[in-house]
Amino acid sequence: MDEHPAPPSPPSASSPSLARGWNTAIIRAVLAAVVLLFLAQAVILLAYFAANDRSKPSAGTVARYGGVVFYTFHHVGFKFDVPSSPRNQGELPFGGVGGVIAFAAMAGTALGLWLLYFGGRAVARQGGGSSLARGLHGLKIAPPYAALTLVGSFFLRFKPEDATRAATIHPSSLAALLWPLALAGVAGFVGGVRSEHPEGWTGLMPEREGLGRRLHGALSGGWRMLVFGLIFAFVGLLVMAVVKPDSTADYFSTFDHGTLDGVLVIVSTLLVLPNMAGWVLFPAMGSCVALSGPLSICFLSYAHFPKTTEATIAGASNPAALKLPSAPPGYFLFLLVPLVAVVFGGMVAARKGRATTRNDAIVLGALAGVVFAILSVLTIFLASITVKITGNIIAFAASGSFRVGPELTSGALWALMWGVVGGALGGWWEGRSLSPQPSPAQPGTPPAPPSDQRDEPS
């Protein structure tokens with residue numbers, strides 16, 4: 001009895017798609033890590049050749065210093081452990097002290113995000129599929145990248161010869177895994193979503209076109225609010241450099257000690273330039289740059305303005321004596337920094353979100369302000385220096401967490417207020433030629449075509 005065998009079932013489309021792109025993800029992850037490590041080592045080598053001290057460190061120590069800079073690009077904290085010491089030759093006994101110091105050189109962070117973004121795009125183009133599927137493909141770059149940073153953290157350790165008297169320093173393994181994983185995941189997902197076309201966010205909700213275009217408009221306007229704000233804050237710093245030429249001359253006086261010394265100062269400044277801009281942007285919005293923790297001191301705001309750095313440092317040791325005056329009237333011009341940034345961002349949100357009415361444009365601008373507030377929280381974390389200390393000195397136990405940078409709560413709230421109000425204003429300006437409400441459809445009239453067909457005059 002001849003029976004025709006059943007034809008084999010077609011292969012599942014999901015299995016090859018899930019397996020596709022991993023080789024590209026690994027290659028792109030390695031490429032991003034190598035570029036950042038090369039930048040970090042270049043900075044340290046510049047400092048090495050600029051040093052006049054004859055007792056320069058060995059090549060291995062210099063390489064480890066480059067590893068420290070590499071991990072600062074990812075806000076990976078460094079653990080330190082100072083062993084306890086007994087009373088010796090009249091010295092007071094010193095209890096063991098440990099802790100973690102975390103700091104991000106945000107220029108390197110931005111470069112890493114940019115590299116990982118394009119890596120996610122490359123992986124997603126191999127995986128294909130919808131915008132959401134492409135975003136998930138872009139996530140594939142995060143595990144190999146985090147694995148590289150985690151493995152590298154085990155080889156980076158500073159251990160002195162006399163371990164009983166000095167600190168042992170090494171990266172936090174947990175932070176070396178989680179921070180790069182999160183940064184690479186976000187960058188890879190965004191790159192994957194936008195791999196097919198720049199408006200990939202609209203494809204996340206193809207069945208709800210209105211929500212998709214609003215999401216695209218809000219995200220496009222929100223990240224531009226932050227970038228515009230940081231750029232305008234830096235411009236404000238340049239204006240201050242012109243207004244106060246003495247401070248500018250002191251900055252460039254490092255070239256008097258040698259060209260390499262001056263170049264090293266400039267390169268180091270460029271690495272933390274986004275940090276500096278963030279420390280200007282949030283006080284410009286009304287927040288404060290402060291020391292937060294068991295001891296809280298506001299160093300920079302419109303109500304607390306340091307006239308000299310020396311007085312501020314001296315007052316930090318005696319907070320009761322630190323009475324900073326309000327900012328001079330001219331510094332209130334920094335209010336233009338967030339104002340221009342959020343209005344521009346609101347205009348971009350209305351344009352990218354393809355606003356159909358004036359009210360729609362206002363809503364898009366306000367939603368961009370919400371995105372701006374969320375991104376501001378991440379920026380505050382990255383721009384801040386955090387220190388956690390545990391230990392004791394003699395019989396006094398000292399422990400606590402300290403953070404130096406823009407205040408988190410007030411910074412987020414001020415960013416939300418500026419973003420929503422200013423973004424709505426920018427959206428209104430961009431959509432001022434549109435009608436306030438959609439025109440009511442006449443009885444028997446077919447529904448209007450989708451909003452992405454915008455050939456009709458507004």
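The values are calculated or read from the model by the stated rules, or taken from the named source; none is laboratory data. Quantities reported herein were computed from a predicted structural model and do not represent experimental measurements. Cβ sites come from the backbone with ideal geometry, for glycine too, and all protein chains shown count toward neighbours.
Of note:
- Lone unmet requirement of (1) under 22 Å from the mean Cα position of the chain (by Cα); (2) at pLDDT 90 or above for Ser292: (2)
- Applying the condition of being assigned to a loop (DSSP other than H, G, I, E, B) and surrounded by 11 or more Cβ atoms within 10 Å (Cβ to Cβ) to region 308-335 and asking which residue is modelled with the lowest pLDDT yields Leu322.
- Residue match in region 105-119 (condition: at pLDDT 90 or above, among the small types (Gly, Ala, Ser), over 15 Å from Ser195 (Cα atoms) and not in a helix (DSSP H, G or I)): yes
- Sub-8 Å Cβ pairs linking a first residue in region 96-117 that is in contact (Cβ under 8 Å) with a residue 40 or more places away in the chain to a second residue that is buried (at least 23 other Cβ atoms within 10 Å of the Cβ) and charged (D, E, K, R), at least 6 apart or interchain, are Leu115/Arg28; Leu116/Arg28, ordered by first then second residue.
- Ala361 meets the conditions (1) of a type in the set (A, V, I, L, M); (2) closer than 30 Å to Leu295 by Cα; (3) in contact with a Leu (Cβ under 9 Å, 6 or more places away or on another chain) in every case but one. The failed one is (2).
- Test: residue in region 239-262 that is at pLDDT 90 or above, surrounded by 12 or more Cβ atoms within 10 Å (Cβ to Cβ) and under 23 Å from Leu39 (Cβ atoms): no
- Leu150 being of a type outside the set (Gly, Ala, Ser), buried (at least 17 other Cβ atoms within 10 Å of the Cβ) and at pLDDT 95 or above: yes
- Search result, residues across region 342-394 that are within 30 Å of Asp81 (Cβ to Cβ) and part of a helix (DSSP H, G or I): Leu378, Ile380, Phe381, Leu382, Ala383
- Qualifying residue in region 359-382 (condition: over 27 Å from Gly229 (Cα atoms), surrounded by 17 or more Cβ atoms within 10 Å (Cβ to Cβ) and modelled with pLDDT of 80 or more): no
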